[in-house]
Amino acid sequence: MQAAGGTPLTDDGATRARRIRLLAAVAVLIYVFDLITKFLVVEYLEDRLPTVLIPDVLVFNVIRNPGAAFSIGTGMTIVFTIIAAVVIGAIIRTARQLRSLPWAIDLGLLLGGALGNLTDRIFRSPAPFQGHVVDFVQVFPATNFPIFNVADSAIVCGGILAVFLAWRGYQIDGTREGAVKDA
């Protein structure tokens, strides 16, 4: 098998192992950053007036979100917990085929974000597996743009990157759809 430009993919597993380590590193970085920011926000900003960082542009406004993006499905927290667990499992399973650097970054973003919000759903109040996600970043408050967190940002960026990679034909195994391959 060969990658775009005729570069052979290694079959010894070294490329896959490096990509999986990158995926794990990105996921851990996102997860830890999400946990730290949520801890600090809950500890120092919750139950207070919103903190204006840049007037009319960026505010820290702490809310507890029982639903998904845009507070959709607020009564379905357990369903979102199950979906997040399935997504995490799918990412881990997909990683077995991983030989693409961009896809390693993408899956790391998605995994770290999913783990961050899943941790909230499992461990935060009001009850185990029914926890509300801590959201706190509010951009352009006058527009009523949804309030989000680090995990949400990673998931959105990962989703955008996945669409871009698929559109450009990059495959998870390091090949590129439509690329000319040596015979």
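The values are calculated or read from the model by the stated rules, or taken from the named source; none is laboratory data. Keep in mind that this is a model prediction, so the values were computed, not measured. With ideal geometry, Cβ positions are generated from the backbone for all residues, glycine too; neighbour counts draw on all protein chains shown. Accessible surface is based on the protein model in full, side chains and every heavy atom, while ligands, DNA and RNA are left aside. Shrake-Rupley method; radii C 1.70, N 1.55, O 1.52, S 1.80 Å.
Modelled label positions at Leu58 and Val156, each set 7 Å beyond Cα in the direction of Cβ, lie 1.4 nm from each other. Summed over qualifying helices (DSSP H, 4 residues or more, each -39500 (n - 2.57)) and divided by its residue number, the chain shows a 222 nm mean residue ellipticity of -17500 deg cm²/dmol.
Computed over neighbours whose Cβ is under 10 Å from that of Ile63, the net charge equals -1, Lys and Arg +1, Asp and Glu -1. Taking label positions 7 Å along the Cα-Cβ direction at both Ser125 and Gln97, the computed distance is 4.5 nm, reported to one decimal. Sorting Asp56, Asp106, Asp47 by solvent-accessible area of protein heavy atoms yields Asp47, Asp56, Asp106, largest first, with a 1.4 Å probe. Contact order, relative form, for the chain: 32 percent (alpha carbon pairs under 8 Å, 6 or more residues apart, mean separation divided by residue count). Per-residue SASA remark: Phe145, around 100 Å² accessible (1.4 Å probe; ligands, DNA and RNA not included). Each of the trypsin sites (Lys or Arg not before Pro) that DSSP puts in a loop and that has at most 14 other Cβ atoms within 10 Å breaks the chain; the longest unbroken stretch is 49-180. Taking the square roots of five times each eigenvalue of the Cα gyration tensor of the chain, the equivalent ellipsoid has semi-axes of 36, 18, 14 Å, listed largest first.
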